[in-house]
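Colleague: To start, I am sharing the structure in question, which I have written as structure tokens.
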Amino acid sequence: MNTDILTWSVGGITITSVPESSTPTSPKFMFKGFDRTAVLELAEKATWLQPHFVDENGYLLQKIHCCIIDTGDYRIAVDTCVGNDKQRGNPLWHESQGPFLEDLVDAGYAPDTITHVVCTHLHVDHVGWNTRLVDGEWIPTFPNAQYVFVKEEFDHWSVTEDLFGDPVFEDSVAPITDAGLADLVSQDFELCPGVSFQSTPGHTPGHVSVVIQDQGKRAIITGDMTHSPIQIANPELSSSFDTDPDLARQSRYDAFLDWADGETLVIGTHFGSPTAGILKRDGDSYSLEVNE
Ligand SMILES: [Zn+2]
């Protein structure tokens, strides 16, 4: 059993995080011109960043995981990581052979019990387990699920080359459409009572965050509108992988203003464990109050 499986409750809804990988990451990989010294200087002011999100050498403690939202009637898998067997330029991801599916089953979510798959956007580390390789063919990993893609995002990546030139759309998105399992929706789509999308564009054109609400409680799954908690401490920092860095920055300011009500649980799509916290206003910026 994977010991890093986390769960959170939002009213009567449960969210379970099943990780695929955790890696200390050089900040320069994601934030041009922002090195480990700059991260450590930021962490001196925003002391909440350590020890969970920034290590003593200024590396970012990042994770790739999938969240299962379980409402009782619906089992929604949000962001399906990198996947196995994919041909990728990044050696860490190339022909990966990880135990993610076994961990998902152990967590109580066998693939055939998933009712919906949501991708906050269509980057390589958010669509991988949409499909798996069987007899040389990419087939849907979740055969009974409706896969929900934002139409603007789908349209963009159907004609745009992947960031690293990998065949991401071809092996992880197109087979879903071919199988008749894709549902193209708007950026403010309501998937079911208590689960809806919030438009947070900039990282990609049709990027959404996922809002979970029940019994007066609220949680957010960020997607990559915030890659690292250092962007909560300094919302100015846009990632090198953002399609439109200025729009991504504006999305962060708009969303944080909305979410920093002192009660909303913000679950980061790449934040290292414990991965979630209550977003709070902190002078001109924000902080994440982590429940130990
Ligand atoms: Zn990502």
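Colleague: Output yes when any residue across region 123-131 is out of contact with any helix residue (DSSP H, G or I) (no Cβ under 8 Å at 6 or more places or on another chain) and among the small types (G, A, S), and no when none is.
Modeller: no
Colleague: Also, quick follow-up: Mind checking which residues of region 282-292 are surrounded by 13 or more Cβ atoms within 10 Å (Cβ to Cβ) and small (G, A, S)?
Modeller: Correct list: S285, S287.
Colleague: Does G89 meet the test of being within 21 Å of the chain's Cα centre (by Cα) and either touching a residue at least 40 places away in the same chain (Cβ under 8 Å) or within 16 Å of the ligand (Cβ to nearest atom) (or both)?
Modeller: So G89 fits the description; yes.
Colleague: Where residues in region 58-79 are open to solvent by 10 Å² or more (accessible area, probe 1.4 Å) and in contact with a Phe, Trp or Tyr (Cβ under 7 Å, 6 or more places away or on another chain), which of them is farthest from L42 (Cα to Cα)?
Modeller: Among those that are open to solvent by 10 Å² or more (accessible area, probe 1.4 Å) and in contact with a Phe, Trp or Tyr (Cβ under 7 Å, 6 or more places away or on another chain), it is R75.
Colleague: Another question, then. I'd like the full set of residues that are closer than 21 Å to G223 by Cα, out of contact with any Ser or Thr (no Cβ under 6 Å at 6 or more places or on another chain), touching a residue at least 60 places away in the same chain (Cβ under 8 Å) and of a type outside the set (S, T, Y), limited to region 98-125.
Modeller: Across region 98-125, the qualifying residues are F100, L104, H116, V118, L122, H123, D125.
Colleague: Applying the selection to region 233-281, what residues are open to solvent by less than 70 Å² (accessible area, probe 1.4 Å), more than 19 Å from the chain's Cα centre (by Cα) and either modelled with pLDDT under 95 or basic (K, R) (or both)?
Modeller: Selection gives G262, K280.
Colleague: Out of (1) free of Cβ contacts under 8 Å to residues at least 60 places away in the same chain; (2) of a type in the set (F, W, Y); (3) open to solvent by less than 30 Å² (accessible area, probe 1.4 Å), the odd one out for W138 is which?
Modeller: (3)
Colleague: So for region 199-220 (the condition being surrounded by 21 or more Cβ atoms within 10 Å (Cβ to Cβ), among the charged types (D, E, K, R), under 27 Å from G272 (Cβ atoms) and in contact with a Ser or Thr (Cβ under 8 Å, 6 or more places away or on another chain)), does at least one residue qualify?
Modeller: There is no residue in region 199-220 that is surrounded by 21 or more Cβ atoms within 10 Å (Cβ to Cβ), among the charged types (D, E, K, R), under 27 Å from G272 (Cβ atoms) and in contact with a Ser or Thr (Cβ under 8 Å, 6 or more places away or on another chain).
Colleague: Right, something else. So, of the residues in region 44-57 that are open to solvent by less than 80 Å² (accessible area, probe 1.4 Å) and in contact (Cβ under 8 Å) with a residue 60 or more places away in the chain, which turns out to be farthest from Q231 (Cα to Cα)?
Modeller: Keep residues of region 44-57 that are open to solvent by less than 80 Å² (accessible area, probe 1.4 Å), which gives 46, 48-50, 52-55, 57.
Filter once more, keeping what is in contact (Cβ under 8 Å) with a residue 60 or more places away in the chain: 46, 48-49, 52-54.
On the way: A46: 11, W48: 13, L49: 11, H52: 15, F53: 11, V54: 12 Å.
Once the filter is applied, the top-ranked residue is H52.
Colleague: In this structure, does S186 turn out to be open to solvent by 40 Å² or more (accessible area, probe 1.4 Å), among the hydroxyl-bearing types (S, T, Y), within 16 Å of the chain's Cα centre (by Cα) and more than 22 Å from C81 (Cβ to Cβ)?
Modeller: no
Colleague: Specify which of the listed residues (D224, D171, D183) is within 15 Å of R252 (Cα to Cα) and of a type in the set (D, E).
Modeller: On the way: D171 fails: within 15 Å of R252 (Cα to Cα); D183 fails: within 15 Å of R252 (Cα to Cα).
Going through D224, D171, D183 in turn, just one is within 15 Å of R252 (Cα to Cα) and of a type in the set (D, E): D224.
Colleague: Out of (1) under 25 Å from H207 (Cα atoms); (2) open to solvent by 40 Å² or more (accessible area, probe 1.4 Å), what's the single condition that is false for V82?
Modeller: (2)
The values are calculated or read from the model by the stated rules, or taken from the named source; none is laboratory data. Note that the coordinates shown come from a computational prediction; the quantities given were computed from them, not determined experimentally. Heads up, the Cβs are rebuilt from the backbone with ideal geometry, glycines too, and the neighbour counts pull from every protein chain shown. Areas reflect the complete protein model, heavy atoms only, side chains present, ligands, DNA and RNA absent. Shrake-Rupley method; radii C 1.70, N 1.55, O 1.52, S 1.80 Å.
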